[in-house]
Amino acid sequence: MIVPSYWAEARQQQRSGNREVTLRRYGWSDSSQEAAQAHAEERLRQACARIAAGESLPRREPKVSYNGADGLPIREEVLSRHGDTVVTRNLYGARCLNTPDVLFADIDFDTGPGLRTIGAVTGVLLLLALLLGWATGSAGYGLLAALLALLGGYALARQLHRLRDRLGGGPEPRARRRIDAFLQRHPDWHLRLYRTPAGLRLLAMHRAFDAREPAVAECFAALGVDALYARMCVNQRCFRARVSPKPWRVGIAAHLRPRPGVWPVNPERLPERERWVQQYEQRAQGYAACRFVEALGQTRVSCMQALAVQRLHDEWCRAQRELPLA
């Protein structure tokens, strides 16, 4: 896990065929802006050498904060460091805890049918429409049925989703059954369970983890963790948990300024950002990011890294207080 405090960019003009192109590379450092610039220059030099040797490389790297930042460090404002744990402000202004070796797994409840379900239902309806057109020998009937299938696919998928909820008790009981089944297969695991505004959060307490080890992938798949989060854990070699409310859940409709909020921002725009942050932090005081529910599994076993992160996480999230979730 790398979460630098300083960022810089180096540029160099190169000829590509009959035109000039600009090659750009980022650099980063925890020590100084000068060190970040030197790192950018070195990465640019290496990229130029590889291109000169015939390798095909992108001319520039995406300026993104976390999601999609494959191969680049987390690019967010560092708010505080606590050993290996780093608290940052994410793209929309919330505080996030980043840890290299303490496993977090968020499970979002599915409030509606997924794209696969909608696609499957619509596909079946279209197939039936084609069969109807063939059986009646009428292209008109077939086209009308196909149109109805396209219009009604989502509605039918939603009804099937509601039926599944009624039969299965809803998304939360389904998630709890997955957790229980996982712990039956792994009785040595110690998991702390939290309720979030949109689902559940699990924190593994019994040992430290490498985000790329098979046990993590198995855990995420069994629990139904978001696929993008699972991929970013591997790419960034860390685990992550939001520890303050989402702005729109505490009545702040305006986006973090200046947009898009990727760090660092132009120094001239910092006062604008700071005004937004001040308003957000004031609103956030009356809310919790999650609420502790219970400890599960082998609760007598806890590792020191997890205990330290758990204390910080619970404090920042206000997980032990009776506050509305946001």
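Brief remarks follow.
- The distance between label points at THR136 and ASP210 comes to 6.2 nm (points 7 Å beyond Cα on the Cα→Cβ vector).
- Segment 6-61 - Debye-derived log10 I(q)/I(0), Cα point model, q = 0.15, 0.22, 0.23, 0.29 Å⁻¹: -0.42, -0.77, -0.82, -1.10
- Neighbour-count order for TRP28, TRP248, fewest beta carbons within 10 angstrom listed first: TRP248, TRP28
We did not get these values from a lab; they are worked out from the coordinates using the rules stated. Predicted, not measured: the structure shown is a model, and the values here were computed from it. FYI the Cβ positions are ideal-geometry reconstructions off the backbone, even for glycines, and counts take in every protein chain you see.
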